[in-house]
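> Questions regarding the structure given below will be posed in turn.
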Amino acid sequence: MRARGKNDDREGKDLVIFPVTDAGYALSRKIARSLPGSRVYRPEELKRGSLSRRVKEEFGRSRGEGGGGAGGGGGAGGLVFICAAGIAVRAVAPLLRGKHLDPAVVVADEMGGFVISLLSGHLGGANALARRLARLLNATPVITTATDIRGLACVEEIAGEFSLAIEDVGKIKTINSAILKGGVEIIDKNPRRLKAVRVFLGPSNRGVFSFAKSFIEAPGIRARVFISSSTEQEIPVSMRRTTLVLRPREFVVGVGSRRSVSTKEVEGAVKGVFKDAGLSILSIRNIATIDIKRDEAGITGFARRLGCAVEYYGSGELKRVPRPRASKTVLEKTGTGSVSEAAALISSGARRLWRRKKKAERVTVAVARVPFT
């Protein structure tokens, strides 16, 4: 078990299916029935150049361009083409931006014989999606990524399984190349998480990965994966080029604010708290606040920039959380004596705060750490 986000099982949410023939449409309907929330275009909607236009619209929606760092494993979302692979390639080619920005793209033939992971196999989750659709259709999944065909885990899978943000996607190739050759060390001071990663990787990855709580020189180590929220941990100079940092999404930020607060103000307040604490903002799992702040563009804007969700709680729920420093002013305006601290505790499930509330000019921030279970 481990700390995870609240949207790990999304069924067919954000899954968009493009069948270009009637036979493909029938197959699409079968998929949609099994994955509630999927959206299916009709073949007649995709004729006379409409396919390219529709794909462009959906590609942008599915891309997920938040600034919260790349995570692994993707989800249930993505684009599914029921057609020849060449049609799909030509439709998405002008839209590609990078593996950490592009959504999963999967192609199936209209007879349901093969399901091909075409784009963003690991970070976008296309490999997992192809396997899932293949099971639904009793089809053959076609996976071509090097680690998968050798039965090895890749760094994106580790990141996805444990809700870790990838700090530098440019180093993914370095780590996965080292996995193929053997000799990757995973470093984590959290013994429970380190053990969980070891169990997840299992016997099939024995001899490929080693595990440590700190950086040490050791023969045979080609690359390292460092799991930490701390920005104060120094990576030895000799190891920096071949070390990928993964940030656990393990903190909930409770936010209280004045009306009409700006995104810049919220961002400045949160970054200030995390800098003082020596923590990476990539380790933020989500924002939490009171429900009367649903229309606060500054809070939602910062969450979008970070690439995380905002959770809202009513005053009745918040005031049930005992706070020794309840504010009379906040109570008069919101109906509860605490917003930031109480919201952070409820959302995270923590028993105590990691950082008590800190007031900026118009923003109050508190931080709670999500228990690793």
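> In the chain, what % of DSSP beta bridges are antiparallel (nearest 5)?
Antiparallel: roughly 35 percent of the beta bridges in the chain.
> Moving on to the next point. Taking 30 Å as R0, compute the FRET efficiency from the Cβ-Cβ separation of R53 and L180 and round it to 0.05. Spell out each step's value before the answer.
Details: r = 40 Å, r/R0 = 1.32.
Efficiency, from the Cβ-Cβ distance: 0.15.
> Work out Dmax and Rg for the chain from the C-alpha atoms and quote the Rg first, both in angstrom.
Cα radius of gyration and Dmax of the chain are 22.5, 66 Å respectively.
> Just how large is the dipole of the range 105-258 about the Cα centre, in debye to the nearest 20, putting +1 at every Lys and Arg Cβ and -1 at every Asp and Glu Cβ? Can you show the working numbers first?
On the way: 21 positive and 14 negative charges, 77 e Å.
In debye, rounded to 20, the range 105-258 gives about 380.
> OK, next. What net charge do the residues around A91 carry, taking every other residue with its C-beta under 11 Å from that of A91, with Lys and Arg at +1 and Asp and Glu at -1? Numbers along the way, then the final one.
Working: positive: R53, R54, K56, R90; negative: E58.
Net charge in that neighbourhood comes out at +3.
> Classify the range 194-247 as rounded, prolate or oblate from the Cα gyration tensor: take a ≥ b ≥ c as the square roots of its eigenvalues, call it rounded if a/c is under 1.5, otherwise prolate when a/b beats b/c and oblate if not.
oblate
> Taking the Cα centre of the chain as the origin, how large is its charge dipole in debye, to the nearest 20, when only Lys and Arg (+1) and Asp and Glu (-1) carry charge on their Cβ atoms?
Charge dipole of the chain: 960 debye, to the nearest 20.
> I would also like to ask the following. Have a look at L306, Y41, T140 and report the one farthest towards the positive end of the charge dipole of the chain, computed about the Cα centre with Cβ charges (Lys/Arg +1, Asp/Glu -1).
L306
> Using the Kirkwood radius built from alpha carbon pairs, what does the Stokes-Einstein equation give as D for the range 44-193 at 20 °C and 1.002 mPa s, in µm² per second?
Once the numbers are plugged in, D ends up at 131 µm²/s.
> Additional query: Which one, P203, G77, L282, is farthest towards the positive end of the dipole of the chain when Lys and Arg carry +1 and Asp and Glu -1 on their Cβ?
Ranked along the dipole, the leading option is L282.
> Still on this structure, I have one more. Count charges around E361 for me, please; just the other residues with Cβ under 13 Å from its Cβ, Lys/Arg as +1, Asp/Glu as -1.
Net charge in that neighbourhood comes out at +4.
> Projected area of the range 235-322, taken from the Cα convex hull and averaged over every viewing direction, in nm²?
Orientation-averaged projected area of the Cα hull: 7.2 nm².
> Counting Lys and Arg as +1 and Asp and Glu as -1, what is the net charge of the other residues whose Cβ lies under 15 Å from the Cβ of R222?
So the surrounding residues net to +4.
> Mind checking the per residue accessible area of the chain for me, 1.4 Å probe, whole number of Å²?
48
> Taking Cα atoms of the range 226-373, Rg/Rh with Kirkwood Rh, to two decimals? Provide the component values of the computation, followed by the final result.
Details: Rg = 15.8 Å, Rh = 15.6 Å.
For the range 226-373, the value is 1.01.
> Also, quick follow-up: In whole percent, how big is the carbon plus sulfur part of the accessible area of the chain, probe 1.4 Å, protein atoms only?
In the chain, the share of accessible area belonging to carbon and sulfur is 50 percent.
> Please list, by residue number, every one of the GluC sites (Glu not before Pro) in the range 193-257 that is coil in DSSP and has at most 14 other beta-carbon atoms within 10 Å.
Those satisfying the criteria are E217, E232, E234.
> Could you order the peptides 32-39, 158-165 from most to least packed, using the average number of other C-beta atoms within 10 Å per residue?
My ranking of the peptides, most packed first, is 158-165, 32-39.
> Taking the full set of protein chains and a 1.4 angstrom probe, give the accessible area of M111 in square angstrom, rounded to the nearest 10.
Using a 1.4 Å probe on the heavy atoms, I get roughly 150 Å².
> Quick check of the Kirkwood formula: for the range 146-274, what is the inverse mean of 1/r over all pairs of different Cα atoms, in Å?
Evaluated on the range 146-274, it is 16.1 Å.
The values are calculated or read from the model by the stated rules, or taken from the named source; none is laboratory data. Since this is a predicted model, take the numbers as computed values, not measurements. Neighbour counts are summed over all protein chains in view; Cβ atoms, including those assigned to glycine, are modelled from backbone coordinates with ideal geometry. To get the accessible areas, we keep the full protein, side chains included, count just its heavy atoms, and leave off ligands, DNA and RNA. Shrake-Rupley method; radii C 1.70, N 1.55, O 1.52, S 1.80 Å.
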